[in-house]
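Peer 1: Below you will find the structure I want to go over with you.
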Amino acid sequence: MKTFKKFIKYLVLIMTSLLLLALIFPTWTSSIKDINSISTLEQVEINGSDHEIMIRGQNKNNPVILFVHGGPGCSEIPYAKKYQDLLETEFTVVNYDQRASGKSYHFFEDYSNLSSDLLVEDLLALTDYIANQLNKEKIILIGHSYGTYIATQAAAKAPEKYEAYVGIGQMSNTIESEMDSLHFTIKQAQLKNNTEDVAHLQRLMEETSNGKTFTPRHLVSKYGGATRLIDNPDGNMLGMLFSTEYNLLDIIRYNKGLSLSQEVLVKDVLQHPLSAKVNSLVLPFYFVMGNYDYQTSSNSAKKYFDQLVATKKEFIAYEQSAHYPQFEEKERFFEWMHTTFKK
């Protein structure tokens, strides 16, 4: 009996030690073995709040891409390396956790002023920081999902800072997009005879059409409206824990920030859709959309694209992808980026 109690005592001690180690384990991004390469992961004060910034590329002289992640609150830093390895050969790639998201969430910071407008100002300030650090006059701005809500506004406010804007999983008229999503998900559930899901989704029809709710994302994902060729990378806690860029404390911060960001920021895109905020862009812009995207409807994005006034614009459809064409068809995306920006 004493031996068993001693075993339990040691087991608890070991488990506690492992938990503490996981909480405080140092984080880093792997080095790139080239003479003029860059691979950094650090906290930088931007617009009055510490932001986590990851910069990676084989040659600092290459054009710079600044990615704006979605969510709101869904950092892409934990899995970015997996999907941007090709891009790093021809571009310097910058990912950052937005204010109150991921490693940029700070437990004792006051987020009472958190808003999409503030995130736009953060992005503009970050752009200036990156341009100065990497000695670039202009950079390529890429938004994904909710990140397009922020990035499109930044591109409209300060087009002189950017070579071009690329919207992936582009937001548009939110209610129209959500109705597309709802109809798609109901149809797929019907095809699979999932009567419980059909009934649940049909009950959301009125609220969705009135701009009071979103199509449940777990059901959009379940029926193929989020990813087709890869597993959905967002919210993969085990994947985060085994990345070098995040530890257990960062995962806790991710979830705290996700909860806060969803509560504060999501209603803004329903009440103030992007299609009502930006109607023209004075820089080249491109929408890259997966045909199966029903998180941000490709059909609705195309209508918004047609309405946007610009001197140069292009809509690129990825036939095999859903909400993550830059990851699902990363080779094609890399080739397009190379052709478009490294002529």
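Peer 1: Order these by the 10 Å Cβ neighbour count, fewest first: Trp336, Trp28.
Peer 2: The most exposed by this proxy come first: Trp28, Trp336.
Peer 1: Report the relative contact order of the chain, percent, no decimals, based on alpha-carbon pairs under 8 angstrom and at least 6 residues apart.
Peer 2: Computed value for the chain: 20 percent relative contact order.
Peer 1: Using the number of other C-beta atoms within 10 angstrom as an exposure proxy, rank Glu137, Glu42, Glu329 with the fewest first.
Peer 2: Ascending number of Cβ neighbours within 10 Å: Glu137, Glu42, Glu329.
Peer 1: Quick one: what are the phi-derived ³J(HN,Hα) couplings along the stretch 246-255, Karplus 6.51/-1.76/1.60 with θ = phi - 60°, whole Hz, x for glycine and proline?
Peer 2: 10, 10, 5, 4, 5, 5, 4, 5, 4, 5
Peer 1: Another question, if that's okay. Just to check, using Stokes-Einstein with a Kirkwood Rh over alpha carbon pairs, what's the diffusion coefficient of the chain at 25 °C and 0.890 mPa s in µm²/s? It would help to have the intermediate numbers written out before the result.
Peer 2: Details: Rh = 21.0 Å.
So the translational diffusion coefficient is about 117 µm²/s.
Peer 1: Give me the percent of DSSP beta bridges within the stretch 30-341 that run antiparallel, rounded to the nearest 5.
Peer 2: Here the antiparallel bridges make up roughly 35 percent for the stretch 30-341.
Peer 1: Which links in Lys81/Lys103; Lys82/Lys256; Lys82/Lys161 stretch past 22 Å when you go from one Cα to the other?
Peer 2: Too far apart for the 22 Å limit: Lys82/Lys256; Lys82/Lys161.
Peer 1: Among all the aspartates and glutamates, which ones have a C-alpha under 16 Å from Lys302's C-alpha, if same-chain residues fewer than 8 places away are not counted?
Peer 2: Glu176, Glu178, Asp180, Asp293, Glu314, Glu319
Peer 1: What value, in deg cm²/dmol to 500, does the helix sum -39500 (n - 2.57) over DSSP H runs of n ≥ 4 give at 222 nm once divided by the residues of the chain? Don't skip to the answer; put the middle values down first.
Peer 2: Working: 15 runs with 161 residues, N = 343.
My calculation for the chain gives -14000 deg cm²/dmol from helical runs alone.
Peer 1: Now, a different point. Within the stretch 122-156, find all residues whose amide N lies under 12 Å from a label point positioned 7 Å from the Cα of Asn47 along Cα-to-beta-carbon.
Peer 2: 122-129, 150-155
Peer 1: Can you list residues from other chains, or at least 5 along the same chain, whose modelled amide H is less than 5 Å from the amide H of Ile139?
Peer 2: Residues meeting the amide H criterion: Tyr162, Glu163.
Peer 1: Right, here's the next one. Kindly write out, for the stretch 40-51 in residue order, the coupling ³J(HN,Hα) from the Karplus curve 6.51 cos²θ - 1.76 cosθ + 1.60 (θ = phi - 60°), rounded to whole Hz, with x marking Gly and Pro.
Peer 2: Per residue, the Karplus-derived 3J(HN,Hα) values read 10, 9, 7, 8, 9, 6, 10, 6, x, 9, 6, 10 Hz.
Peer 1: Residue by residue through the stretch 216-223, what is 3J(HN,Hα) from phi via Karplus (6.51 cos²θ - 1.76 cosθ + 1.60, θ = phi - 60°)? Round to whole Hz and write x for glycine and proline.
Peer 2: 3J(HN,Hα) across the stretch 216-223, in whole Hz: x, 5, 5, 7, 4, 5, 4, 9.
Peer 1: What is the fewest-to-most order of Thr92, Thr213 by other Cβ atoms lying within 10 Å of their Cβ? Working shown, then result.
Peer 2: On the way: Thr92 25, Thr213 15.
Starting with the residue having the fewest Cβ neighbours, the order is Thr213, Thr92.
Peer 1: Using Cα springs under 10 Å in a Gaussian network model of the chain, which residue among Arg332, Arg253, Arg228 shows the largest mean-square fluctuation?
Peer 2: Sorting by GNM fluctuation, first place goes to Arg332.
No lab work stands behind these numbers, since they all come straight from the coordinates. None of these values were measured; they are calculated from a predicted model. Here the Cβ is made from the backbone with ideal geometry for all residues, glycine too, and neighbour counts use every protein chain on show.
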